[in-house]
1. Here is a check on your reading of the model: is B:K99 out of contact with any Leu (no Cβ under 7 Å at 6 or more places or on another chain) and open to solvent by 40 Å² or more (accessible area, probe 1.4 Å)?
2. So which residues in segment A:335-359 are out of contact with any helix residue (DSSP H, G or I) (no Cβ under 8 Å at 6 or more places or on another chain) and in a loop (DSSP other than H, G, I, E, B)?
3. From B:S19, B:S38, B:S128, B:S120, which residue is assigned to a loop (DSSP other than H, G, I, E, B) and within 20 Å of B:A339 (Cα to Cα)?
4. Going through B:M183, B:M192 one at a time, which residue ends up being touching a residue at least 60 places away in the same chain (Cβ under 8 Å), surrounded by fewer than 22 Cβ atoms within 10 Å (Cβ to Cβ) and within 13 Å of chain A (Cβ to nearest Cβ)?
5. Do we find that A:S120 is open to solvent by less than 10 Å² (accessible area, probe 1.4 Å) and modelled with pLDDT under 95 in this structure?
6. Somewhere in segment A:238-251, is a residue within 12 Å of chain B (Cβ to nearest Cβ), part of a loop (DSSP other than H, G, I, E, B) and modelled with pLDDT under 95?
7. Does A:K352 count as basic (K, R), within 13 Å of chain B (Cβ to nearest Cβ) and open to solvent by 30 Å² or more (accessible area, probe 1.4 Å)?
8. Sort through B:L127, B:L174 and tell me the only one that's open to solvent by less than 10 Å² (accessible area, probe 1.4 Å), touching a residue at least 40 places away in the same chain (Cβ under 8 Å) and under 23 Å from A:K401 (Cα atoms).
There are 2 protein chains.
Amino acid sequence: MAKQNLKGALVLVQSGGPSSVINASAQGLFDIALKHKSVITKVYGARFGILGFLKEDLVLINEEKREELDKLQYTPSSMIGSTRYKLKQPNEDITDYEKVIEICKKYDIRYFFYNGGNDSMDTANKLSQYLNDQGWEIRVMGIPKTVDNDLVLTDHTPGYGSASKYVASTLMELCLDTKAYNMDQVNIVEIMGRNAGWLTAASDLARRTGFGPDLIYLPEYPFDYNEFLSRVKDILQEKGSVLVTISEGLKTTDGKYLPEYFGASLYKDAFGHSQLGGAANSLANALKKDLKVKVRPIELNIMQRAAAHIASFTDIKEAYAVSEFAFKEALNGKTGYMAGFTRTCDNPYKIKYELFPLSRVANHEKMLPKEWILPNHNGMTDEFYNYVMPLIQGETKLKYKNGLPDFANLKLNIIKK
Amino acid sequence: MAKQNLKGALVLVQSGGPSSVINASAQGLFDIALKHKSVITKVYGARFGILGFLKEDLVLINEEKREELDKLQYTPSSMIGSTRYKLKQPNEDITDYEKVIEICKKYDIRYFFYNGGNDSMDTANKLSQYLNDQGWEIRVMGIPKTVDNDLVLTDHTPGYGSASKYVASTLMELCLDTKAYNMDQVNIVEIMGRNAGWLTAASDLARRTGFGPDLIYLPEYPFDYNEFLSRVKDILQEKGSVLVTISEGLKTTDGKYLPEYFGASLYKDAFGHSQLGGAANSLANALKKDLKVKVRPIELNIMQRAAAHIASFTDIKEAYAVSEFAFKEALNGKTGYMAGFTRTCDNPYKIKYELFPLSRVANHEKMLPKEWILPNHNGMTDEFYNYVMPLIQGETKLKYKNGLPDFANLKLNIIKK
C-alpha cells in the first residue's frame with residue numbers, strides 16, 4: 001500500500017495472430033501509461049513482437065499523435081506488429097533471455113506487457129520467472145487476446161466477441177444469398193478454430209435468427225465423411241440448398257485434418273502447428289464428386305479476425321479496459337499474472353476484472369463444453385447462446401472518411417539504438 | 001399526357017447473382033407501386049425469377065408487413081428469389097413465351113419489371129418484343145443490377161458501389177493484417193469480375209489510403225505468370241510482404257482461366273459461363289513452389305456481393321430511386337427500356353435518371369477503360385478514382401437487434417393458382 005511505485009519505462013509486446021481488438025488493448029495500455037508520466041518514464045512498443053524486442057526495434061509511443069492513437073481501438077490487426085516466435089526453455093538456450101534482460105536494463109524497462117494467446121502467456125511466464133530470478137525488478141503482465149477464445153481461467157478473451165459478431169452476421173448474409181436460388185447447392189463455410197470450436201459455434205447465432213447454417217461441424221467430435229454426406233443429402237432433398245459451417249481444425253477419426261485426409265500436405269509454423277485452411281475446399285471437391293450438385297467452399301479466412309468495421313463494441317471496451325486493469329495492478333506491484341474476466345451474471349451481463357497466475361494459464365487450452373453442443377450437428381444449446389450473446393453486443397464507433405474506414409496511422413519510427 | 005393510365009397488376013422478376021442492394025431496388029418498386037392503388041391492382045413478386053414466374057409461383061407483396069418491407073433496402077441478396085434461367089429465342093422455342101403471356105393474361109399483369117444484369121436485359125427485351133407483337137398491352141422495364149458494373153449506357157449499376165466499398169474496406173483490413181508480421185509472405189485476394197476488372201479495380205481505393213494492395217491484376221490484360229512471379233519477387237525483396245488483388249476472370253495469353261491454366265476444369269452454368277473462383281488458390285499453389293514463402297489465397301467469394309452491413313448508402317438510395325423512376329416512366333407509357341444513370345458531374349457528384357432502350361443494352365458489356373489502368377499493375381488513374389469515389393459514399397442505416405443485423409423477413413406465401 002505504502003510501497004513506492006516502481007519507476008521506469010513500459011513496453012508492450014504483441015504476439016500471435018491479430019484480432020479486431022488487439023489494437024484496442026494497445027490503446028488501453030498506452031492511454032493509461034501516458035497519463036502516469038511521473039512513474040512511467042517512457043512508453044515503448046516492440047516492433048513486430050518479441051523478435052523485434054530482441055533486436056531493440058522499439059517505437060516510442062509518447063511521440064505518436066493523440067488523434068491517431070484515439071483511432072487505434074477501432075483499427076484491426078496489430079499496429080505495432082506481432083510475431084509467432086517461441087522462446088526456448090532457459091535451460092535449453094539462454095541467449096534470448098540474456099538479451100531481454102540486457103535490453104530491459106539499457107532502456108530501464110520496469111513494466112513488460114505481453115499481449116497474446118496461449119503460447120504468448122507461456123513466453124510471458126518464462127520471462128517473468130527469469131527476470132525475477134536475475135533480480136531485475138520488473139512487472140510482467142499478460143493481456144489476453146485470441147479470436148479462438150481458448151485461454152483458460154478467463155471467462156472469454158478479447159477478440160472472440162468481435163470475430164463471433166462477424167461470423168454470425170456474415171452467415172446471415174451468406175444464408176440470404178443461398179436462399180436467393182431455388183437450386184440444389186451446398187455452401188461450406190470454413191471458420192477458424194484449431195482444437196476448440198468456439199468461433200464456428202458462433203454461427204449458431206445466425207441459425208437462431210432464421211438465417212443461418214443447417215449444419216455445424218466442430219472439432220470437438222471426430223469428422224466422419226460418410227455421416228456428413230448422408231446429412232447433406234437429407235437436407236438437399238428436404239430444402240434444396242444446404243449451408244454448412246465447419247471448423248478449420250476438423251479431424252477425422254484417424255486424427256487427420258481434412259486437407260490431409262483428402263490428400264494434401266500442410267505447412268507447419270514456428271510453434272510446430274500445422275498451417276490450416278483449405279478444409280472447406282477439400283471437402284467441397286469430395287462432395288462435388290459424390291453429389292453432382294454445385295458445391296461452393298467459402299473460407300472466412302483472415303477477414304474473420306480483421307473485420308474491425310463490424311467489431312463488437314462490448315469487445316472493444318473490454319479489450320481496452322483489461323489493459324487498464326492490468327496496468328493498475330502492475331503499478332500496485334503485481335507481476336506474473338494475466339488479466340482477464342470473471343462473469344458474475346449472464347443477463348444482465350456482468351463481469352469483474354481479475355488476475356490469473358501466468359503459470360496457470362500458459363500451455364492450457366480452454367475447450368468448448370461438449371454439453372453445449374446439440375447432437376447431430378444441429379447447433380448449440382441455450383447455455384452457449386447465453387454465454388456468447390453478451391459478447392457481440394454493440395457496434396463499433398469506427399468513423400468513415402471519404403466512404404472508407406478511418407483507421408489509425410502511427411508513425412512507428414524505430415528509436416535510435 | 002391525357003392518356004389514361006394503364007390499369008392492372010405489376011410483377012417484379014429478379015435474375016442473376018444477387019447484390020447488397022437488389023432488395024433496395026425491390027423496395028423502391030414495391031413502395032411506389034403500393035402507393036398507386038387506383039392503377040396498380042396488385043403487386044406481385046416472382047418467386048425465384050423467371051422460372052418461378054413460368055410456374056406461376058407468385059407472391060403478393062400487398063400482404064407483406066410494412067415494417068418488414070421497410071428493412072428490405074438494408075437486406076442483402078434477393079428476398080423474392082432469383083434464377084439464372086435463359087429464355088430461348090422465340091423462333092427457336094416459343095413455349096416459355098406462350099406461358100408468359102398466358103400468366104400475364106390470367107393475372108392481368110400490365111407492368112413487368114425485370115431486375116438484373118446483361119443476360120436479364122436480353123430476356124426483358126425478348127419478352128417486351130414478344131408481348132407487344134402479340135397485342136397484350138404491357139409495360140416492360142429493366143432495372144439494372146450487377147456488382148460487375150458491366151452494363152452499357154448507364155454510368156454505373158446499382159450493386160457496384162456497395163461491392164466496391166466492401167472490397168476497398170476489406171483490402172484495408174487485410175493490408176493491416178499483412179503488415180502485422182515482419183515476415184516474407186504473399187497474400188493473393190481474388191475478386192469478382194469475369195471480363196471487366198471494375199470491382200477488382202476498386203481495391204485501388206485501399207491502396208490510396210496507404211493500406212492496400214501492392215499489385216492489381218485485371219482481366220483487361222492477359223496474365224503472364226512469369227511477369228507476375230518477377231513482380232512478386234521484387235516486392236518481397238523490397239518490403240517482405242506482398243498483397244495482390246486479382247480478378248477471378250484473369251486469363252493467360254492463350255485464353256485460359258487461371259484454374260484451367262494450372263490444371264483444373266471448370267463447371268459451366270445455364271448461360272454457358274464457366275463457374276469461376278479458385279484463381280487465387282491455383283496461383284498460390286504455383287507461387288508456393290516457386291518462392292518457398294508463405295502464400296495465402298483469399299477469396300472474397302460471395303461476401304463481396306452479400307455484405308450489406310457495409311453497403312454504400314449512395315448505392316442503396318440510387319438502387320431504390322432507379323426503380324421509382326422506372327415505375328413512373330412505365331406509368332407514363334414507356335416500355336422496352338432499362339432505367340439507369342447519366343452522370344453530369346464528378347465533384348460534386350450529380351446524376352440524372354434516364355431510360356435506355358433494352359435492345360441497346362442487351363448482350364453488350366461495358367469494359368473498364370484501358371486508359372484508366374496504370375502500367376505494370378500499379379493500380380488505377382485519377383479518372384477511375386473520380387469515377388468510383390462518389391459511388392461508395394455514405395454508410396447503410398441497417399439496424400442491429402441483439403447485436404446482429406436486423407434483416408427483413410417477408411412471408412413470401414405463394415398465391416393459390
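1. Taking the combined requirement at face value, the residue does not satisfy it.
2. A:P348, the sole residue that qualifies.
3. Details: B:S38 fails: within 20 Å of B:A339 (Cα to Cα); B:S128 fails: assigned to a loop (DSSP other than H, G, I, E, B); B:S120 fails: assigned to a loop (DSSP other than H, G, I, E, B).
Going through B:S19, B:S38, B:S128, B:S120 in turn, just one is assigned to a loop (DSSP other than H, G, I, E, B) and within 20 Å of B:A339 (Cα to Cα): B:S19.
4. B:M183
5. Details: open to solvent by less than 10 Å² (accessible area, probe 1.4 Å): yes; modelled with pLDDT under 95: yes.
Taking the combined requirement at face value, the residue satisfies it.
6. yes
7. no
8. Just one listed residue meets the conditions, B:L174.
The values are calculated or read from the model by the stated rules, or taken from the named source; none is laboratory data. Not measured: the values here are computed from a predicted model. Note that we place each Cβ from the backbone using ideal geometry, even for glycine, and neighbour counts take in every protein chain shown. Note: areas computed on protein heavy atoms with side chains; ligands, DNA, RNA excluded. Shrake-Rupley method; radii C 1.70, N 1.55, O 1.52, S 1.80 Å.
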